[in-house]
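A short worksheet on the structure shown next.
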Amino acid sequence: MGSSISDYSTNHHDIIWHTCGVIVAYVVNKRVRFLEQSLSLILKNQTFTDEKDFDEIHSVHEKLKEVQDYIQQQTKRAQKLIEERAKDQEDTINQVISEERNRLARELHDSVSQELFAASMLVSAVNASNHQQNATMTKQLSQVEAMIQQAQLEMRALLLHLRPVLLKDKSLKEGMEQLLQELRAKVPMEVTWKLEDIQVNKGIEDHLFRILQEGVSNALRHSKARSIDTLLIERDGFAILKIEDDGIGFNIEEKQAGSYGIINMQERTAEIGGYFRIISIPEKGTRIEVRVPMIEEE
């Protein structure tokens, strides 16, 4: 009888300790998840809400809010500096660079582009006159024609860089529309867009425009896409730019470290306090997303 009571008491205490352990683990895990979510929002420059149920980690939460405030202040300063730099340089350096780029673009268009076009026409004519339908010759000519077409895309991408649409006296939406309209007229792929007329400072406008330029240029050179779609919107206090193609995609881990284009877009995004993300699936396509906080000036 005594032994039964003792066993019952031991089991009862074990159950209590186990239950307490489960409750404590749940409470701790809930708080850890809350801190992880708060840190994740900080990294994305997004505001997180107060959690009144977690009084015991209130001091930690307050420190996180201080970190977030500091990051937002630094972002605001960085955006202001970028705007000032863009204004200072626009009338001097940009003018010299633009003139030189235009000169190079004209020379390339009048020489290399015309030669590539003539070569493409010549190969097509030779292929059409291959009445005997020599299989080897047909295959070789098709390969040469494909190489010429790829070279033409490379040249158009280069000209896109050398002859950028100037944003002076244009809004970001107008500048992007002009760039995409010119692209649609020159490349054998479907170019679509949805652009909102968002209001950001000159520095952010310039960086978003150059990111679009870089993203489209990368797609022309590497994606073998049939279509490119661009989105520019303002949502929840962020300017959001997305560039998506339906090309061959690539392995991000292998490509990202050595790609000047991707690094350039990442650096431009970081300079304006933004969040850069790229998703690419082999044989499915690539999507680039840039989110920039639209912090109101005091």
Based on this model, can you work out whether Ile295 counts as in a loop (DSSP other than H, G, I, E, B), modelled with pLDDT under 90, open to solvent by 20 Å² or more (accessible area, probe 1.4 Å) and of a type in the set (Val, Ile, Thr)? yes
Name the pairs: first residue in segment 277-297 and on the phi > 0 side of the Ramachandran plot, second residue surrounded by fewer than 19 Cβ atoms within 10 Å (Cβ to Cβ), Cβ to Cβ under 7 Å, at least 6 apart or on different chains? Glu283/Ile248
Among the numbered criteria (1) among the small types (Gly, Ala, Ser); (2) open to solvent by less than 40 Å² (accessible area, probe 1.4 Å); (3) assigned to a helix (DSSP H, G or I), which single criterion is violated by Ala239? (3)
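The values are calculated or read from the model by the stated rules, or taken from the named source; none is laboratory data. Here the structure is a predicted model, which means the values were calculated and not measured. All Cβ positions, glycine included, derive from the backbone under ideal geometry; neighbour counts span all protein chains shown. Surface accessibility is based on the protein's heavy atoms, side chains included, excluding ligands, DNA and RNA. Shrake-Rupley method; radii C 1.70, N 1.55, O 1.52, S 1.80 Å.
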